[in-house]
Amino acid sequence: MIRYLAIATGFAIALYLALAAFLYLRQDRLVFPADSVPVQDPASLMADTSLVTLHTSDGLALSAYYRAPGHERPVIVYLHGNAGSITTRAHRFALMTQGDTGLLAVEYRGYAGNPGKPSEAGLIRDAASAMRFLAAQGIAPDRIILYGESLGTHVAMRTALDFRAAGLVLDAPYTSIADVAASRYPYMPVRMLLRNPFDTLSRIPGLKMPLLVMRTLQDKTVPPSESLAVFNAAPEPKQIWTTQQGSHSTLIENGGLAVLDRFIEHVSPAP
């Protein structure tokens, strides 16, 4: 009996270690399930939008969608979630840019035909290239709205710490990837395994611009309590919008668009 118990225990330990090794080695595929389909030219998807190239500080050339704003109107810098691409979000961009609002939708390194390998530091460099692009277009910081969706909320927040902008929008933010992973794999030491922690909670107290947090209580990907924790940790001025509608990736399509428009008009009003 003792021998069988020892064998069973050893097997369980081996299985646990094998699972831990699998998660460690495959974590980039889990965190960055990059879309391999190349970015589509937006001409057939959105009005007045072109495919442009962003140049990162580490030498990458990245595809992006750019819609120039109307006179003195704001530009949304869109940093998307970990799945899909800017092409798969074209319908959302069309909603967000009704009127004269501009858009710069960044496609990450390693996604949709772009070179490079995604990482926390890499995505932050990608967002920085977008800010330099807008500066070259003559877009003043007080006309820039940083918008982060899901994984991109940390990237947007980090960009807001490094660059001036009119405001920051966090669509379904999380406290950290480690916290999200721990809620999914409570039996694994995920905090020890993660290479890219995306720790928003510890950094957002340094924010120095208006903030809008958007969340749904129906979110099955990021616990809504994490979005609230991010909001609570942020300094004023800030506002939060909570809904019972939609899902993790459909806040704009379920009442969030009007909330976003009011926030933009408040932080970057029309002349």
Restricting attention to segment 74-84, which residues are in contact with a strand residue (DSSP E or B) (Cβ under 9 Å, 6 or more places away or on another chain) and either surrounded by fewer than 17 Cβ atoms within 10 Å (Cβ to Cβ) or among the aliphatic types (A, V, I, L, M) (or both)? VAL75, ILE76, VAL77, LEU79
Residues that are in a loop (DSSP other than H, G, I, E, B) and over 24 Å from ILE76 (Cβ atoms): does segment 202-217 have at least one? yes
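Yes/no matrix, rows are residues, columns are (1) over 18 Å from GLY81 (Cα atoms); (2) small (Gly, Ala, Ser):
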site: ILE139; (1), (2): yes, no
site: ILE145; (1), (2): no, no
site: SER150; (1), (2): no, yes
site: THR159; (1), (2): no, no
site: ASP162; (1), (2): yes, no
site: ALA165; (1), (2): yes, yes
site: VAL169; (1), (2): no, no
site: ALA178; (1), (2): no, yes
site: PRO186; (1), (2): yes, no
When you scan segment 190-197, do you find a residue that is farther than 19 Å from LEU123 by Cβ and at pLDDT 90 or above, even just one? no
Go through segment 58-72 and give me each residue that's outside any strand (DSSP E or B) and modelled with pLDDT of 95 or more. ASP58, GLY59, LEU60, ALA68, PRO69
Look at LYS208 and say whether it is surrounded by 15 or more Cβ atoms within 10 Å (Cβ to Cβ), of a type in the set (Lys, Arg) and out of contact with any Cys (no Cβ under 8 Å at 6 or more places or on another chain). no
With respect to the numbered conditions (1) among the polar types (S, T, N, Q); (2) surrounded by 16 or more Cβ atoms within 10 Å (Cβ to Cβ); (3) farther than 20 Å from MET131 by Cβ, which one is the sole condition not fulfilled by SER183? (2)
Every residue in segment 99-148 that is surrounded by fewer than 17 Cβ atoms within 10 Å (Cβ to Cβ) and among the aliphatic types (A, V, I, L, M), please. ALA121, ALA135, ALA136, ALA140
Checked against (1) in a loop (DSSP other than H, G, I, E, B); (2) closer than 25 Å to THR101 by Cβ; (3) of a type in the set (Lys, Arg), ARG195 satisfies every condition except (2)
Name every residue in segment 219-256 that is open to solvent by less than 60 Å² (accessible area, probe 1.4 Å) and part of a loop (DSSP other than H, G, I, E, B), in order of residue number. ASP219, THR221, VAL222, PRO223, ALA234, PRO235, GLY246, SER247, HIS248, THR250, LEU251, GLY255
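Every residue, every condition in (1) more than 14 Å from LEU146 (Cα to Cα); (2) among the hydroxyl-bearing types (Ser, Thr, Tyr); (3) in contact with a His (Cβ under 6 Å, 6 or more places away or on another chain); (4) at pLDDT 95 or above, yes or no:
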| residue | (1), (2), (3), (4) |
| --- | --- |
| ILE76 | no, no, no, yes |
| SER85 | yes, yes, no, yes |
| THR88 | yes, yes, no, yes |
| ARG92 | yes, no, no, yes |
| GLN98 | yes, no, no, no |
| TYR108 | yes, yes, no, yes |
| GLU120 | yes, no, no, yes |
May I ask you to list the residues in segment 239-255 that are within 19 Å of VAL155 (Cβ to Cβ) and either touching a Phe, Trp or Tyr at 6+ places or on another chain (Cβ under 9 Å) or polar (S, T, N, Q) (or both)? SER249, LEU251
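Just need a number here: residues in segment 257-271 that are more than 17 Å from ARG89 (Cα to Cα), open to solvent by less than 60 Å² (accessible area, probe 1.4 Å) and either among the basic types (Lys, Arg) or in contact (Cβ under 8 Å) with a residue 24 or more places away in the chain (or both). Quick ask: steps written out before the conclusion?
Going through segment 257-271, the residues more than 17 Å from ARG89 (Cα to Cα) turn out to be 258-259, 261-271.
Next, only the ones that are open to solvent by less than 60 Å² (accessible area, probe 1.4 Å) stay: 258-259, 263-264, 267-268, 270.
Next cut, either among the basic types (Lys, Arg) or in contact (Cβ under 8 Å) with a residue 24 or more places away in the chain (or both) only: 259, 263-264, 267-268, 270.
Within segment 257-271, residues that are more than 17 Å from ARG89 (Cα to Cα), open to solvent by less than 60 Å² (accessible area, probe 1.4 Å) and either among the basic types (Lys, Arg) or in contact (Cβ under 8 Å) with a residue 24 or more places away in the chain (or both) number 6.
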Wholly within segment 84-167, helices (runs of 4 or more DSSP H) carrying at least 2 residues that are more than 24 Å from PHE32 (Cβ to Cβ): 90-96, 120-136
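The values are calculated or read from the model by the stated rules, or taken from the named source; none is laboratory data. Keep in mind that what you see is a predicted model, and the values were worked out from it rather than measured. Neighbour counts run over all protein chains shown; Cβ positions are idealised from the backbone, glycine included. Ligands, DNA and RNA are stripped out before the accessible areas are found, and what is left, the full protein with its side chains, is counted by its heavy atoms. Shrake-Rupley method; radii C 1.70, N 1.55, O 1.52, S 1.80 Å.
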